[in-house]
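As structure tokens, the structure follows; a few thoughts come after it.
The values are calculated or read from the model by the stated rules, or taken from the named source; none is laboratory data. Since this is a predicted model, take the numbers as computed values, not measurements. Every residue, glycine as well, gets a Cβ built from its backbone with ideal geometry; the counts of neighbours run over all protein chains shown.
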Amino acid sequence: MSALLEVRGVSRFFGGLAALTDVGFTLEKGQILGLIGPNGAGKTTMFNVINGFHAPSRGEIFFKGERISGLKPHRICQRGVARTFQVVKPLQRMSTFDNVVASAFLRARSKAEAVAKAEEILKFTNLWEERAILSKGLPLGSRKRLEIARALATGPELILLDEACAGLNPHELDDSIGIIRKIKERGVTIMIIEHHMRVIMSISDRIVVLNYGQKLAEGSADQIRQNNQVVKAYLGEPDA
């Protein structure tokens, strides 16, 4: 059985700068794959290549056995790959509810179907009570969850979460971890960029570590914790 997502020898250059160099890994259906590394390691560039914002300079991306590298983002989303953004980008003049309805129209065949999908997703992401608020007026934690809700409303098989927990207080962090675990329970495969090591280590089935645009390591949370190269490059000394 082939992997859901396969990244084959991907490099991405911006002028003379190599943001990614010959990176490869696979992601199996139903798994959570954590993507970690220092700032500037190439993590968001990898997301941008996977979902079509950038074409790879070299290498290929396969989703469900079909090559998607080079396709436009909306085509990749139609195939079942959704993403969130580190800097949240809701439709600011629209309500929380209408933001999710707009995303649901990717697959909905009628307004009624889009509305029903939005209602279900808003309850799932604990945003139902804030459905009438203009998205620009939401607190950060709610805007982060709205990013997830909008991505889920497109009906993805794979969702790319770019620092979905960044800037959250401890209560919001626990809420988001719970939502991510519930997304996995729904059968959606997840790839997540996150600097919160408690989050990554607790939810990831496997972790890929990038450093200077290259894959430094790959393995389970325990294997990554014990990898001296990773500790030196990124994790640092354990907390006392």
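Listed here are the residues, each with its yes/no results for (1) over 28 Å from Arg58 (Cβ atoms); (2) in contact (Cβ under 8 Å) with a residue 40 or more places away in the chain; (3) surrounded by 13 or more Cβ atoms within 10 Å (Cβ to Cβ); (4) among the aliphatic types (A, V, I, L, M).
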site	(1), (2), (3), (4)
Gly178	yes, no, no, no
Lys184	yes, yes, yes, no
Glu194	no, yes, yes, no
Ile203	yes, yes, yes, yes
Asp222	yes, no, no, no
Item checked: Residue satisfying condition, being closer than 30 Å to Gly65 by Cβ and either among the aliphatic types (A, V, I, L, M) or touching a Lys or Arg at 6+ places or on another chain (Cβ under 8 Å) (or both), within set Leu146, Leu152 -> Leu152
Note to self: I'd like the full set of residues that are within 20 Å of Lys72 (Cβ to Cβ), aromatic (Phe, Trp, Tyr) and touching an Asp or Glu at 6+ places or on another chain (Cβ under 9 Å), limited to segment 1-49.
What the structure shows: Phe47
Next item on the list: Could you pull out the residue among Leu4, Leu35 that is under 14 Å from the mean Cα position of the chain (by Cα), among the hydrophobic types (A, V, I, L, M, F, W, C) and within 30 Å of Arg225 (Cα to Cα)?
Entry: Leu35
Checklist line | Single unsatisfied condition, Arg107 versus (1) touching a Pro at 6+ places or on another chain (Cβ under 6 Å); (2) farther than 22 Å from Arg181 by Cβ | finding: (1)
Notebook entry, point to check: Among Val100, Val115, which is the only one that is part of a helix (DSSP H, G or I), at pLDDT 95 or above, buried (at least 20 other Cβ atoms within 10 Å of the Cβ) and on the phi < 0 side of the Ramachandran plot?
Noted result: Val100
Next item on the list: Kindly indicate which of Gly80, Gly52, Gly37, Gly16 is small (Gly, Ala, Ser), surrounded by 14 or more Cβ atoms within 10 Å (Cβ to Cβ) and more than 18 Å from Pro156 (Cα to Cα).
Entry: Gly37
